[in-house]
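Single-structure report; data block below.
A short reminder: the numbers here are calculations on the coordinates, not readings from a lab. As the structure is a prediction and not an experimental result, all values here were calculated from the model. Note that each Cβ is placed from the backbone with ideal geometry, even for glycine, and that neighbours are counted across all protein chains shown.
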C-alpha cells in the first residue's frame, strides 16, 4: 500500500512509469464498468421483465440510479478534496460491486430497484473521483490527453455495452449483466490500493457542511423527480409536479444561503465568480440537454419511422461513439502540445451544430447511412468539447478545489441530461399526436373504433410486436377495408414520429447554437505545465503560465 505523501509534485512525477499505467488502467476500469452498466441493463430489460415482472416499475430501474448518483457527486467531490481520493475510490467501487451482486441476486423488481439505488451511490462516488485523480496526477496542460483516453473509455463502453449485454443475457442469463462487475471491480480496487498514494489536504469531519449537502440533495431530488414524473406520470401542471418544483426552488435558495456562510462549503460560491468555470458548466448543461437528451429518442425514430430493428438502430448510432473516441484522444494530444483549447472548443461546437442541423432534416424514407454519417459528425464534435470542458473546469480553480470543480462538471452533465430527456419527451408526445391526427383523414378515423384509434396515438406501439399485432387484428376485424385503413394509419404514425424528431432536433439546434455562443465567450486560459498543489490559481496578471480566474 502506498504511504501518505506530502510531495507537492504531481503524482505522475512521484510514481514510477509502471505505477502510473497501472493506476490509469484501474481508473479506466472504474469508468468502463460504471459506464457499461447502463447500456448492458437496457439490453437485458426484456428478460428482466420476463423473469421478475413489474413492468409499471421499469422506469425506476434507471431513474433511481440517476437520482442516487447525482446526489452523492457534490458531497464526495468536497470530501475527496479534504481527505484524499483513494478511500473514496475504493469505497465507491466496493459499494458498486456489492450492489451489482445484489442486483444480480434480486428476487423481485422492488429488490432490484433498491439495489440499483445503492449501485448509483457507488457509481456517483466513482465519477466524482476518477477525473479528480487525473488532476492530481498531471499538470493542467498534460491532463487533456489523459482525460481524452477516459472519454474514449466511455465511448468504448457505449459501443460494446449492447453486444456484451446481449451475449450475457442470451448465454448465461441477465443476472450476469450485474455479476460481471464484481471481478472487474476487484481488479480495479487492487490496483488503486497498491498504486494510489493517500494525499489529503486535511480537515475535521465536524466542519464538513453536511447541512448544505442535505439541502442540495433535497433540491436535486425534488427537481429530478419533477422532471421525471412531470413527463411520465402526473403531467406538468399537476399539484405533485408543481409542488416538487417549488420545493426544489426553496431548498436551492436555502442551500445558497448556507453556502454563503459556511467555511467548508460544498460549492464555495467564490468559484461562481470565475468566468471560465461558469461558462464551462453552462456548456456542459447545454450539451447534456440538447445533445444527449435529443439522441435518447433517435432509436424511436429509427425503429418506428424507418422500421429498423433494435440491433440495426444500435449499429446506426454506433459511429457517434467512434467519432467521439477519435477526437477525444486527438484533441487531448493537441491540448497537451499547445496548452490552449478555445479554438478546439469552437471547432467542436461547430461540428455539433452542423450535425444537429443535418439530423433535423430526418424524414420517413431517410437512408440509414445518412444518419450514421450525421452521427459521426456529432461524435467528432462532442469528442473535441466534452473532455476539454473537464480540463478547463479543473484548471480554472485552485488545486484544493479540484474535486469540487470536477464534481460540479459531472453534476451539470447529469442535470442537463435529465432536463433534456424530460423536455424532449414532452415534445415527442405532443408533436406526434398532433402530426399523426393531421395525417389521418376524418373518413379513415371514423372507420376505426375510438379505443383502437387511441392506441395508435402511442408512438412506441410498433415496438411491442405482440401489442401491435393485436391492434392490427382489431382493425382488420372491425373495418371492411382493413388493410387499406391500416396502411394509411401506419403511414400517418411514421409521419408523426418524423415530425416529432424534427421538432426535437430543432430544440437541440437551439442548444447547439447557444453552445457555440458560449464557446466564443469563453476566456482562453493558458494551461500550466507546472503543478503546484495547495497554491491558489493566480490571476491573469500573475506568473507567465497562469490559471486565470476572471470575474464574470
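Some observations on this one:
- Treating r as the C-beta distance of residue 521 and residue 18 and R0 as 51 Å, the FRET efficiency rounds to 0.75.
- The ranking of 438, 100 from fewest to most other beta carbons within 10 Å of each one's beta carbon is 438, 100.
- Taking each DSSP H run with n ≥ 4 as -39500 (n - 2.57) and averaging over every residue of the chain yields -25500 deg cm²/dmol at 222 nm.
- Order of 174, 60, 236 - criterion: other Cβ atoms within 10 Å of each residue's Cβ, fewest first: 236, 60, 174
- Packing rank of 329-336, 457-464, where each peptide gets the mean count of other beta carbons within 10 Å, highest leading: 329-336, 457-464
- Counting every pair of alpha carbons in the stretch 275-328, the share spaced more than 13 Å apart comes to 68 percent.
- Based on Cα atoms of the stretch 1-205, Rg over Rh with Rh as the Kirkwood radius reads 1.00.
- Alpha-carbon centroid distance for the pair the stretch 112-150 / the stretch 217-262, whole angstrom: 26
- The C-alpha atoms of the chain define a longest principal axis, and helix 275-287 lies at about 20 degrees to it.
- Residue list for the stretch 381-412, given a label point 7 angstrom along the Cα-to-Cβ vector of residue 340 and an amide N cut-off under 17 Å: 392
- Counting other Cβ atoms within 10 Å as a rough exposure proxy, the listed residues 262, 370, 171 run 171, 370, 262 from fewest neighbours to most.
- The stretch 209-263 - Kirkwood radius from inverse mean 1/r over Cα pairs (Å): 11.4
- Two-site label geometry, residue 257 and residue 451: point separation in nm, points 7 Å out along Cα→Cβ: 5.4
- The stretch 421-460 - Debye-derived log10 I(q)/I(0), Cα point model, q = 0.15, 0.28, 0.30 Å⁻¹: -0.39, -0.97, -1.04
- Gyration tensor verdict on the stretch 126-186 (Cα atoms; rounded if a/c is under 1.5, prolate if a/b is larger than b/c, oblate otherwise): prolate
- Mean separation of Cα contacts under 8 Å, 6 or more apart, over the residue count of the stretch 209-263: relative contact order %: 46
- Available extension along the chain between residue 108 and residue 296 is 64.9 nm, counting 0.36 nm per residue and deducting the alpha carbon span.
- Mean Cβ neighbour count within 10 Å, used as a protection proxy, ranking 448-454, 375-381 highest first: 375-381, 448-454
- On the basis of the beta-carbon distance and an R0 of 35 Å, residue 236 and residue 193 show a calculated FRET efficiency of 0.15.
- With a Förster radius of 22 Å applied to the beta-carbon distance between residue 207 and residue 272, the computed FRET efficiency rounds to 0.55.
- With Cα atoms, 0 to 90° folded angle of helix 210-232 axis to the chain main axis: 20
- Chain lengthening between residue 246 and residue 438 when straightened (0.36 nm per residue, less Cα-Cα): 65.5 nm
- Length-normalised contact order for the stretch 1-205 - Cα pairs under 8 Å, 6+ apart - percent: 43
- Treating each Cα of the chain as an identical point scatterer and summing with the Debye formula, the log10 of I(q)/I(0) at q = 0.06, 0.10 Å⁻¹ comes to -0.31, -0.84.
- Protection-proxy order for peptides 296-306, 406-416, 117-127, each taking the mean of Cβ atoms within 10 Å per residue, highest first: 117-127, 406-416, 296-306
- Gyration tensor (alpha-carbon) shape descriptor, the stretch 433-496, a/c threshold 1.5: oblate
- Rounded to 10°, Cα long-axis angle of helix 368-395 versus longest principal axis of the chain: 30
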